[in-house]
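S.K.: There's a structure below that I have some questions on.
The values are calculated or read from the model by the stated rules, or taken from the named source; none is laboratory data. The model shown is predicted, which means the values in this text are computed figures rather than measured ones. In this analysis, Cβ positions are derived from the backbone assuming ideal geometry, glycine residues included, and neighbour counts consider all displayed protein chains. Only protein heavy atoms, including side chains, enter the accessible area calculation; ligands, DNA and RNA are left aside. Shrake-Rupley method; radii C 1.70, N 1.55, O 1.52, S 1.80 Å.
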Amino acid sequence: MSFYSMRECEVYMNQFKMYVGQKGDIKAVKNGWCWTGFLFTYAWGAISKLWSLSLFSFMLHFTLLIFMVTAEANLEIVFNFTAGVWLVVKFFFGLKGNELYEKALLESGYELNDTIFCINAENAVYQFQSKQTAA
């Protein structure tokens, strides 16, 4: 596995908040838009242990699909409505996903320890660990 140098990390300038758990595990949370939340919605919610949000979005998606499949008239209107509602949900996950994940981490005992600028979460964790061992 290759890691980027400190200089390469500075070029991309993604900001990550570093959270440390009670057992010493480290989570890096990107500041800003959450692409995985936008693209994978309820699957990302489940992986991030945002159970209620994931279940709500899954049930909403399932309900919208049933509504769309059982519609007999005005199919174009029904399709546009269901697609619009689902797009709003996906936009919410993209916009607020990382904030909700941070809140869940804080509630489960993690503490905000540092902020690091790096290319991705994996390299941010590596850089954070390097900084901790050097100190």
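S.K.: If I filter region 27-36 for residues that are in a helix (DSSP H, G or I) and within 10 Å of the chain's Cα centre (by Cα), do I get at least one hit?
M.R.: Among the residues of region 27-36, at least one is in a helix (DSSP H, G or I) and within 10 Å of the chain's Cα centre (by Cα), which makes the answer yes.
S.K.: While we're here: Filter region 101-121 for residues that are open to solvent by 90 Å² or more (accessible area, probe 1.4 Å), of a type in the set (Asp, Glu) and in contact (Cβ under 8 Å) with a residue 24 or more places away in the chain and give the result.
M.R.: Listed by number, the list holds a single entry, Glu111.
S.K.: Suppose we filter Phe62, Phe92 for residues that are free of Cβ contacts under 8 Å to residues at least 12 places away in the same chain and over 24 Å from Asn14 (Cα atoms); which single one remains?
M.R.: After ruling out the rest, the residue left standing is Phe62.
S.K.: With (1) in a helix (DSSP H, G or I); (2) open to solvent by 40 Å² or more (accessible area, probe 1.4 Å); (3) under 21 Å from Asn14 (Cα atoms) as the list, and Gln127 as the residue in question, which single condition is left unmet?
M.R.: (2)
S.K.: Would it be correct to say that Leu55 is aliphatic (A, V, I, L, M) and either open to solvent by 80 Å² or more (accessible area, probe 1.4 Å) or part of a loop (DSSP other than H, G, I, E, B) (or both)?
M.R.: Here the answer is yes, as Leu55 does meet what is asked.
S.K.: Name the pairs: first residue in region 67-87 and in a loop (DSSP other than H, G, I, E, B), second residue open to solvent by less than 50 Å² (accessible area, probe 1.4 Å), Cβ to Cβ under 6 Å, at least 6 apart or on different chains?
M.R.: Partner pairs satisfying both residue conditions: Ala71/Val78.
S.K.: Which count do you get for residues in region 13-48 that are under 16 Å from Lys96 (Cβ atoms) and of a type outside the set (S, T, N, Q)?
M.R.: The qualifying residues number 14.
S.K.: Does Asn98 satisfy the condition of being in contact with a strand residue (DSSP E or B) (Cβ under 8 Å, 6 or more places away or on another chain), surrounded by 12 or more Cβ atoms within 10 Å (Cβ to Cβ) and under 23 Å from Met18 (Cβ atoms)?
M.R.: The answer is yes for Asn98.
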